[in-house]
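Structure, as structure tokens:
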Amino acid sequence: VQLVESGGGLVQAGGSLRLSCAASGTTFSINVMGWYRQAPGRQRELVAGITSEGGSINYADSVKGRFTISRDKTKNTISLQMNSLKPEDTAVYYCNAYVWPREYWGQGTQVTVSS
């Protein structure tokens with residue numbers, strides 16, 4: 001499975017960005033996909049995850065009500081709509097796919113929120 005992210009950039013606080021992740025390869029075997037982020041000096045953390053059929057979604061408490069994850073299985077993509085962005089959302093965002101028993105990662109896309 002190969003993952004390619006797009007959509008990062010620089011935005012002012014309160015603004016919005018939309019991240020996309022395109023999966024290729026043995027995508028039919030993907031169980032769960034999600035977005036993680038890693039800020040400088042901090043551990044990588046889960047932002048949002050979604051199951052194969054979109055039936056189960058979870059968010060980090062810090063983004064609930066502001067971020068929305070979605071999945072288009074026909075196009076093998078997931079997206080992360082990020083609204084009301086805060087400077088503390090600044091990080092490299094990574095797309096993740098879980099295909100038992102392995103995890104796959106994209107190369108990451110930088111999101112910078114200025115105050």
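The values are calculated or read from the model by the stated rules, or taken from the named source; none is laboratory data. Keep in mind it's a predicted model, so treat the numbers as computed, not measured. Neighbour counts run over all protein chains shown; Cβ positions are idealised from the backbone, glycine included. Calculation scope for accessible area: heavy atoms of the full protein, side chains included, ligands and nucleic acids excluded. Shrake-Rupley method; radii C 1.70, N 1.55, O 1.52, S 1.80 Å.
Numbers for the structure displayed
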{"read-out": "GNM result for the chain, Cα springs below 10 Å: residue of Ser16, Ser84, Ser56 fluctuating most strongly", "value": "Ser56"}
{"read-out": "Carbon/sulfur fraction of accessible area - the chain, other protein chains in place, 1.4 Å, %", "value": "50"}
{"read-out": "Taking segment 26-115 and dividing mean pair separation by its residue count, relative contact order in percent (alpha carbons under 8 Å, at least six apart)", "value": "29"}
{"read-out": "Distance between segment 17-42 and segment 73-112 - C-alpha centres, whole angstrom", "value": "4"}
{"read-out": "Relative contact order, percent, segment 1-47 [alpha-carbon distance under 8 Å, six or more residues apart]", "value": "30"}
{"read-out": "Simple Cβ-charge dipole of the chain, Lys/Arg +1 and Asp/Glu -1, about Cα centre, in debye nearest 20", "value": "60"}
{"read-out": "Hits among lysines - C-alpha to C-alpha of Lys86 under 20 Å, sequence gap 8 or more where chains match", "value": "Lys64"}
